[in-house]
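The values are calculated or read from the model by the stated rules, or taken from the named source; none is laboratory data. The structure presented is a predicted model; accordingly, all values stated were derived computationally and were not measured. Positions of Cβ are generated from backbone atoms using ideal geometry, with glycine treated the same way; all protein chains shown enter the neighbour counts. In case anyone asks, the SASA skips ligands and DNA or RNA and just uses the protein heavy atoms, side chains included. Shrake-Rupley method; radii C 1.70, N 1.55, O 1.52, S 1.80 Å.
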Amino acid sequence: MKTLKGKPTGGLHGTLVVPGDKSISHRGIMLGAISEGTTKLSHFLTSADCLSTLAAFQQLGVPIERVGTNVTIQGVGLHGLHASGQPLDMGNSGTTTRLIMGLLAGQNFDTTLIGDQSLSKRPMRRVSEPLARMGATIETTDGHLPVTIKGRRLRATHYQLKVASAQVKSAMILAALQATEPSTLTELLPTRDHTERMLTAFGGQINTAADGVTITVQPQPHLFGQTMTVPGDMSSAAFFITAASLVPGSTITLKDVGLNKTRTGLLDILRRMGGKVTISTEPTNGEPIGDLTVQSADLKPIEIGKDDIPAVIDELPLVALLAAKANGVSRITGAEELRVKETDRISAIVTEFKKLGIAIEELPDGFVIDGRKPWRVTDPNLDAHDDHRIGMVLGIAALLVDTPVTLTGAESVGISYPAFFDDLDKLL
């Protein structure tokens, strides 16, 4: 349990370098492992989720060394992985689980994946079923972990994804690398394209059609190790962007943040709400990066729907918090995917926000929030629901109340941002 002190005086001020991007850190390990030669990653995110990926590939026979946030991977090539003598423990990481299912489906050995209690409740058929169209044999436990992957030669596919999910798309891409012919994948909506960008950098061939949602993956590439710096994680920066926008008198700068257009949905929404964010971009050969300066602002209400959701799925709890201080009624719909995250984030947000006196109504696929109503703490005992993003959004919400509150499960932030509360203190 952690005590959160309540409203600061004088606002938030200072400069931060947020940790490395979680999505890119995961993929850097995976693509480095199946490449030829050495891959060096700096500013790697040393969170529990990314360390689950690192440990899994060590079990699969890949030599990996980590010194702080620097990781060196001696790649074994696309077909150089070896069977693990034990099940691979995915911890709490849905990204590790779903992406590795696609990669291991085309290997020549069997693997069992296990995870913690929370991960074992998350749906895995959304990956196993499309992979089965490529000839994969994946046995789930009633659609969940434990999962057993029986590796075999895969065939090409031409597939329309059923959910707007970068994890499902990436699993299909990793499987398609091992197929006999080129595969074509079509998304419902554009999602994060880190896998496509990184695969191209490592020497793979993947083409995006003019429609922006159809990609063609060329099989059996020779991938080559790379040296890369992982940009700051926009999803981590988002908590401080929200905090500075809401706490009066604040001005902060966040350095070297990843600005991939599939990840900046929160910035777009904040601008629509009247937020004050200035971006200074930097030239790069890969993922776009830049510095963000954020000032407090009076916000307008907003309505967002299903077309907005993929670019802001991880930040929706923060959008709900922004709406809770906006001058009017906001409506967030099309976000049913929040029901199957580390916890049911719709239910968790409504439960915890009501403790702070926020006027919020739960919908099957989102929220209705009246930001005009004054907050009044009715229960100072907040709960992170064993979910890192719920824990962090409540850490920011506590800056907006007049009395201290406590947070049970604050340690859950270590899943993606172990130093979150320390970094927040630097700005107070």
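Taking all C-alpha pairs of the stretch 29-166, those more than 20 Å from each other amount to 46 percent.
Packing, taken as the mean count of other beta carbons within 10 Å per residue, orders the peptides 62-69, 352-359 from highest to lowest as 352-359, 62-69. Neighbours of K354, meaning other residues whose beta-carbon lies under 13 angstrom from its beta-carbon, give a summed charge of -3 when Lys and Arg score +1 and Asp and Glu score -1.
Work out how much length N327 to D422 would gain on full extension: take 0.36 nm times their residue separation and subtract the Cα-Cα distance, in nm to one decimal.
Numbers: separation 95, 0.36 × 95 = 34.20 nm, distance 3.11 nm.
Extra length available between N327 and D422 comes to 31.1 nm.
For the stretch 117-172, the relative contact order is 34 percent, taking Cα pairs closer than 8 Å that sit 6 or more residues apart in sequence and dividing their mean separation by the residue count.
Only protein heavy atoms count here; under a 1.4 Å probe, F109 has an accessible surface of about 20 Å². Extension gain for K121 to H82 (0.36 nm times residue separation, less C-alpha to C-alpha distance): 11.2 nm. Highest mean packing first, where packing is the average number of other Cβ atoms within 10 Å per residue, the peptides 393-400, 212-219 line up as 393-400, 212-219.
Rolling a 1.4 angstrom probe over the protein heavy atoms with all chains in place gives the stretch 211-262 an accessible area of 31 Å² per residue. Split the accessible area of the chain by element, probe 1.4 Å, and carbon with sulfur accounts for 48%. When each of the peptides 402-411, 241-250, 129-138, 92-101 is scored by the mean number of other C-beta atoms lying within 10 Å of its residues, the order from highest to lowest reads 92-101, 241-250, 129-138, 402-411. Taking only the alpha carbons of the stretch 275-352, we obtain Rg and Dmax values of 15.1, 44 Å in that order. Projecting label points 7 angstrom from Cα along Cα→Cβ for L363 and K40 puts them 5.0 nm apart. Here, the stretch 103-242 has an Rg and a Dmax of 16.0, 47 Å when only alpha carbons are counted.
Show that you can apply the helix-only estimate: for the chain, add -39,500 (n - 2.57) for every DSSP H stretch of four or more residues, divide by all residues, and state [θ] at 222 nm to the nearest 500.
Numbers: 12 runs with 120 residues, N = 428.
Dividing the helical sum by the residues of the chain leaves -8000 deg cm²/dmol.
Taken along the Cα-to-beta-carbon direction at a fixed 7 Å, the label points for R152 and N381 span 5.3 nm.
Could you work out the percent of alpha carbon pairs in the chain separated by over 37 Å, rounded to a whole number? Please report the intermediate quantities before stating the final value.
Working: 19755 of 91378 pairs.
Result for the distance tail: 22 percent.
The label point for D142 and the one for T184, both projected 7 Å from the Cα toward the Cβ, are 4.0 nm apart.
Tell me, what does the Kirkwood hydrodynamic radius of the stretch 368-428 come to in angstroms if you use every pair of distinct C-alpha atoms? Let's see the in-between values first.
Working: mean 1/r = 0.0800 Å⁻¹.
Averaging 1/r across every pair of different Cα atoms and inverting gives 12.5 Å.
Hey, what did the chain get for relative contact order, percent, Cα under 8 Å, at least 6 apart? Could the numbers behind the result be given before it?
On the way: 1027 pairs, mean separation 75.7, N = 428.
Relative contact order here is 18 percent.
Using only alpha carbon pairs under 8 Å that are at least six residues apart, calculate the relative contact order of the stretch 58-178 and give it in whole percent. Walk me through the numbers on the way to the answer.
Values: 218 pairs, mean separation 30.3, N = 121.
Computed over the stretch 58-178, the figure is 25 percent.
Hey, what D do you get for the stretch 25-99 in µm²/s if you plug the Kirkwood alpha-carbon radius into Stokes-Einstein at 20 °C and 1.002 mPa s? Spell out each step's value before the answer.
Values: Rh = 12.2 Å.
For these conditions, the coefficient is 176 µm²/s.
A Förster radius of 30 Å combined with the Cβ-Cβ distance from T278 to T200 puts the calculated FRET efficiency at roughly 0.50.
Treat the stretch 270-428 as a sphere of radius equal to its Kirkwood radius over Cα pairs and apply Stokes-Einstein at 20 °C in a medium of 1.002 mPa s; give the translational diffusion coefficient in µm²/s, rounded to a whole number. Walk me through the numbers on the way to the answer.
On the way: Rh = 16.5 Å.
Value of D from the Cα-based Kirkwood radius: 130 µm²/s.
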